[in-house]
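Engineer: Input: one structure, supplied below.
Each reported figure results from applying straightforward, stated rules to the coordinates on display, with no laboratory input. For clarity, every value in this text was computed on a predicted model and none was experimentally measured. Reconstructed Cβ throughout: ideal geometry from the backbone, glycine too, with neighbour counts over all protein chains shown.
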């Protein structure tokens, strides 16, 4: 008699189920992290912009909104952005962005990403 070797149908279904689970997780998380890296690139650009120009809070907020619109950044809202000024200064010296992204996963289970980034700008004197 020959012994059978290999996986059974149930074994394949279990393996495919595990692969499908992890593929779903990756498909939900990847856009969140792509958006976060877009925010990081925008923040790097804003750091250079603020170092070269003395900008007020209103000007910085306007530039951020424009860059977020062109970079397809939809998760960062106005309430998630904090602009700080130096002592006795009207110009922005620090930008803090702290936001949360919630994506539906399975039934009532959501995947949540909490992202925090800040740029501390030392202005030229």
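Engineer: At q = 0.12, 0.22 Å⁻¹, what log₁₀ I(q)/I(0) does the chain have when each alpha carbon counts as one equal point scatterer in the Debye sum?
Structural biologist: Normalising to I(0) and taking log10 leaves -0.58, -1.22.
Engineer: Taking other Cβ within 10 Å of each residue's Cβ, how do 21, 68 sort, fewest first? Provide the component values of the computation, followed by the final result.
Structural biologist: Numbers: 21 11, 68 20.
Final ranking by Cβ density, sparse to dense: 21, 68.
Engineer: Same structure again: Pick from 64, 111, 40: which is most flexible by mean-square fluctuation in a GNM of the chain where alpha carbon atoms under 10 Å apart are linked?
Structural biologist: Ranking 64, 111, 40 by mean-square fluctuation puts 111 first.
Engineer: Return the distance in nm (one decimal) between the two label points of a simple spin-label model at residue 94 and residue 77, each offset 7 Å from Cα along Cα→Cβ.
Structural biologist: Each label point lies 7 Å from its Cα, and together they span 2.4 nm.
Engineer: Could you identify which residue out of 13, 25, 76 has the top mean-square fluctuation in a GNM of the chain using Cα springs shorter than 10 Å?
Structural biologist: Sorting by GNM fluctuation, first place goes to 13.
Engineer: Report the residue, chosen from 39, 90, 60, that carries the largest GNM mean-square fluctuation when the chain is represented by alpha-carbon nodes joined by springs under 10 Å.
Structural biologist: Judging by the Gaussian network model, the answer is 90.
Engineer: Got the relative contact order for region 31-120 handy, in percent, Cα pairs under 8 Å and 6 or more residues apart?
Structural biologist: Once normalised by length, the contact order is 27 percent.
Engineer: Calculate the length of the line joining the C-alpha centroid of region 66-125 to that of region 1-65, in whole Å.
Structural biologist: Each part reduced to its Cα centre gives a spacing of 17 Å.
Engineer: Checking a compactness column here: for region 13-70, what do you get for Rg(Cα) / (2.2 N^0.38 Å), N being the number of residues?
Structural biologist: So the Cα radius of gyration is 1.81 times the expected 2.2 N^0.38 Å.
Engineer: Same structure, new question: Calculate how steeply helix 57-70 sits against the longest principal axis of the alpha-carbon atoms of the chain, using the helix alpha-carbon long axis, and give the answer as 0 to 90 degrees to the nearest 10.
Structural biologist: Approximately 30 degrees, to the nearest ten.
Engineer: Moving to a separate point now. How high is the FRET efficiency between residue 87 and residue 120 when r is their beta carbon distance and R₀ equals 22 Å, given to the nearest 0.05?
Structural biologist: Efficiency for this residue pair is about 0.95.
Engineer: Relative to the longest principal axis of the chain, what angle (0 to 90°, nearest 10) does the C-alpha long axis of helix 9-52 take?
Structural biologist: The angle comes out near 10 degrees.
Engineer: Would you please give the FRET efficiency between residue 21 and residue 62, computed as 1/(1 + (r/R0)^6) with r the Cβ-Cβ distance and R0 = 41 Å, to the nearest 0.05?
Structural biologist: 0.40
Engineer: Here's another thing I want to ask about it. For residue 51 and residue 106 in one chain, what is 0.36 nm times their gap in residues minus the Cα-Cα distance, to one decimal in nm?
Structural biologist: Length gained between residue 51 and residue 106: 15.3 nm.
Engineer: Given points 7 Å out from each Cα along the Cα-Cβ axis, report the residue 29 to residue 14 separation in nanometres with one decimal.
Structural biologist: Rounded to a tenth, the inter-label distance reads 2.4 nm.
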